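Asker: The structure follows.
The values are calculated or read from the model by the stated rules, or taken from the named source; none is laboratory data. Computed from a predicted structure; not experimentally measured. Note that each Cβ is placed from the backbone with ideal geometry, even for glycine, and that neighbours are counted across all protein chains shown. SASA here: full protein model, heavy atoms, side chains in, ligands and nucleic acids out. Shrake-Rupley method; radii C 1.70, N 1.55, O 1.52, S 1.80 Å.
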Amino acid sequence: MINRILTPRELLIGGGSLAQLVPLLGRLGVRRPMLVVDPTIFRLGLADTAIGAMREAGLGLGVFSAVVEDPTDTSVIAAADEIRSGSHDGVIGFGGGSAIDTAKAAAILASTGEDVHALKVPRIVDLQVMPLVAIPTTAGTGSEVTRACVVSDTAAQEKMLILGTAALPAAAIVDYELTLSCPFRVTVDTGLDALTHALEALINRNGNAHAEALALSALRLIGANLETVAREPSNRAAREAIMLGATHAGLAVSNTSTALIHGLSRPIGAFFHVPHGLSNAMLLPLVTEYSLSAAPAGYAAAARALGWAPATMGDEEAGHALVRGFRDLNARLEVPTPKAYGVDEETYFRLRPEMARQALASGTPRNNPRIPFEDEIVRLYEIAWDGGAIGG
Ligand SMILES: [Fe+2]
């Protein structure tokens, strides 16, 4: 059995590491970087010091700040055009998952001349691209270390998953100080996304020992610190721990794959614009309950790592503690159901078959320990509507 493990060439992890950007670009041979930055982050001035340092170093810097939430085909094409017309030789993605995914997709388009719609799974995009440096300002998506990005197909209303080494950053700067001003809802939603990455890596049919170690580390760090960063946003030790946890979760999921939660979550995001981490969290207790019997040891290990089951507790009982733990955590962190979020009921129920079709087409439900039929997915969407459970 051979495991193919992919990571960025260089990771700078720690408070203040952003100050190392210019020498890092030098090591990557980048002279004309294009900064792809989230507009809110740009307005708040979080990138100002880095921009000043790059200009002072005489680099041919370009700035693209027209990043949109849930990046679209049209927005990444616009970013790629600017990279090409400015003869840029490297890209920096600065912000949350949307900014980093825009930078990834734009770097691929600018480097290869490919059509973005031709890149989606099941194709694996192992192409040579210009160096990309990812600088996350949230602790959650893990996009800074993954070989994946998600771009919405505007016409088809579908989130396209792009997978391959072309989407893997050459380097990442993981500086928790950039997350200190992150608001409650974004902190919680991205943290729950990271938790979902770690869980799905751990119970995945493509699991391996490397990813398992990182997933367990992530679950320990997230379990011990997520509620602290939610309630005490300026707690530096907790922010640092959750940032490391999110990066470990990203490495774990990138070297396995996502599973049923992400598979069901993407259509909810595509049709109803529910933030990604939030739609994952809406599904966490239900999909875990559905899958429990197919991987009792994995789910029990997750419950122990999160601190919700003692080491002496048997696997079956620990699995049930995990489902209860997710329900309680969602309540404490104010995660709404689709109904409470304000999703239109008639549209949601009408689109169940199409959402199930898109979920299966993404391929990720097949990585789940229990693989659902299409009618079971439709049923899961029905139960998830108002936060129900299979067991009533
Ligand atoms: Fe995710």
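Asker: Working only within the stretch 104-125, note down all residues that are in a helix (DSSP H, G or I) and of a type outside the set (D, E, K, R).
Answerer: Passing the criteria: ALA105, ALA106, ALA107, ILE108, LEU109, ALA110, SER111, THR112, VAL116, HIS117, ALA118, LEU119.
Asker: (1) within 16 Å of the ligand (Cβ to nearest atom); (2) acidic (Asp, Glu); (3) at pLDDT below 95: which one isn't true of GLU200, the others all being true?
Answerer: Unmet for GLU200, out of (1) within 16 Å of the ligand (Cβ to nearest atom); (2) acidic (Asp, Glu); (3) at pLDDT below 95: (3).
Asker: Can you tell me which residue is farthest from TYR341 (Cα to Cα) among those in the stretch 189-215 that are surrounded by fewer than 24 Cβ atoms within 10 Å (Cβ to Cβ) and of a type in the set (S, T, N, Q)?
Answerer: That would be ASN208.
Each row is one residue, and each column tells you yes or no for (1) away from the ligand (no atom under 16 Å from the Cβ); (2) open to solvent by 30 Å² or more (accessible area, probe 1.4 Å); (3) modelled with pLDDT under 95; (4) touching a helix residue (DSSP H, G or I) at 6+ places or on another chain (Cβ under 9 Å).
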position: ILE100; (1), (2), (3), (4): no, no, no, yes
position: LYS104; (1), (2), (3), (4): no, no, no, yes
position: ALA107; (1), (2), (3), (4): yes, no, no, yes
position: ALA110; (1), (2), (3), (4): yes, no, no, yes
position: LYS120; (1), (2), (3), (4): yes, yes, yes, no
position: LEU127; (1), (2), (3), (4): yes, yes, no, yes
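Asker: Being closer than 24 Å to GLN358 by Cα and within 16 Å of the ligand (Cβ to nearest atom) narrows it down to one of GLY164, GLY142, so name that one.
Answerer: GLY142
Asker: Moving to a separate point now. Any residue at all in the stretch 229-237 that's in a helix (DSSP H, G or I), in contact (Cβ under 8 Å) with a residue 24 or more places away in the chain, more than 14 Å from the ligand (Cβ to nearest atom) and of a type outside the set (A, V, I, L, M, F, W, C)?
Answerer: Yes: one or more hits.
Asker: On to the next question. Could you please tell me which pairs satisfy a Cβ distance under 7 Å, a separation of 6+ or placement on different chains, a first residue in the stretch 50-61 that is without any contact (Cβ under 8 Å) to a residue 60 or more places away in the chain, and a second residue that is open to solvent by 50 Å² or more (accessible area, probe 1.4 Å) and in a loop (DSSP other than H, G, I, E, B)?
Answerer: Pairs found: LEU59/ARG31; LEU59/ARG32; GLY60/ARG31; GLY60/ARG32.
Asker: Something else now. Taking LEU286 as the residue in question, decide whether it is of a type outside the set (Asp, Glu), modelled with pLDDT of 95 or more, more than 30 Å from ASP375 (Cα to Cα) and under 23 Å from the mean Cα position of the chain (by Cα).
Answerer: no
Asker: Now for a different question. How many of the residues making up the stretch 11-53 are open to solvent by 50 Å² or more (accessible area, probe 1.4 Å), within 21 Å of the chain's Cα centre (by Cα) and of a type in the set (D, E, K, R)?
Answerer: Qualifying residue count for the region: 0.
Asker: Which ones in the stretch 356-386 are part of a loop (DSSP other than H, G, I, E, B), open to solvent by less than 50 Å² (accessible area, probe 1.4 Å) and modelled with pLDDT of 95 or more?
Answerer: Residues satisfying the conditions are ASN368, PRO369, PRO372, TRP385.
Asker: ARG205 - would you say it is modelled with pLDDT of 95 or more, assigned to a loop (DSSP other than H, G, I, E, B) and either away from the ligand (no atom under 14 Å from the Cβ) or closer than 17 Å to SER143 by Cα (or both)?
Answerer: Considered against the rule, which asks whether it is modelled with pLDDT of 95 or more, assigned to a loop (DSSP other than H, G, I, E, B) and either away from the ligand (no atom under 14 Å from the Cβ) or closer than 17 Å to SER143 by Cα (or both), ARG205 comes out as yes.
Asker: Out of (1) surrounded by fewer than 24 Cβ atoms within 10 Å (Cβ to Cβ); (2) at pLDDT 95 or above, what's the single condition that is false for ASP70?
Answerer: For ASP70, the failing item is (2).
Residue-wise test of (1) within 14 Å of the ligand (Cβ to nearest atom); (2) in a loop (DSSP other than H, G, I, E, B); (3) open to solvent by 20 Å² or more (accessible area, probe 1.4 Å).
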| residue | (1), (2), (3) |
| --- | --- |
| VAL150 | yes, no, yes |
| ALA156 | no, yes, yes |
| LYS159 | yes, no, yes |
| ALA172 | no, no, no |
| THR187 | no, no, no |
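Asker: Based on what the data block shows, is ARG220 farther than 22 Å from ASP175 by Cβ, away from the ligand (no atom under 16 Å from the Cβ) and open to solvent by 50 Å² or more (accessible area, probe 1.4 Å)?
Answerer: In short, no.
Asker: Could you list, in sequence order, the residues of the stretch 285-315 that are of a type in the set (D, E, K, R) and either touching a Lys or Arg at 6+ places or on another chain (Cβ under 8 Å) or under 15 Å from GLY391 (Cα atoms) (or both)?
Answerer: The one that is of a type in the set (D, E, K, R) and either touching a Lys or Arg at 6+ places or on another chain (Cβ under 8 Å) or under 15 Å from GLY391 (Cα atoms) (or both): GLU289.
Asker: Can you work out which of the residues in the stretch 323-348 that are hydrophobic (A, V, I, L, M, F, W, C) and closer than 18 Å to SER265 by Cβ is surrounded by the fewest Cβ atoms within 10 Å (Cβ to Cβ)?
Answerer: Per the stated criteria, the residue is ALA340.
Asker: Within the stretch 287-322, can you find the residues that are acidic (Asp, Glu), in contact with a Pro (Cβ under 9 Å, 6 or more places away or on another chain) and buried (at least 17 other Cβ atoms within 10 Å of the Cβ)?
Answerer: ASP315
Asker: Then there is this: Give the residues of the stretch 305-330 that are basic (Lys, Arg) and under 23 Å from the mean Cα position of the chain (by Cα), sorted by residue number.
Answerer: The answer is ARG327, and nothing else.
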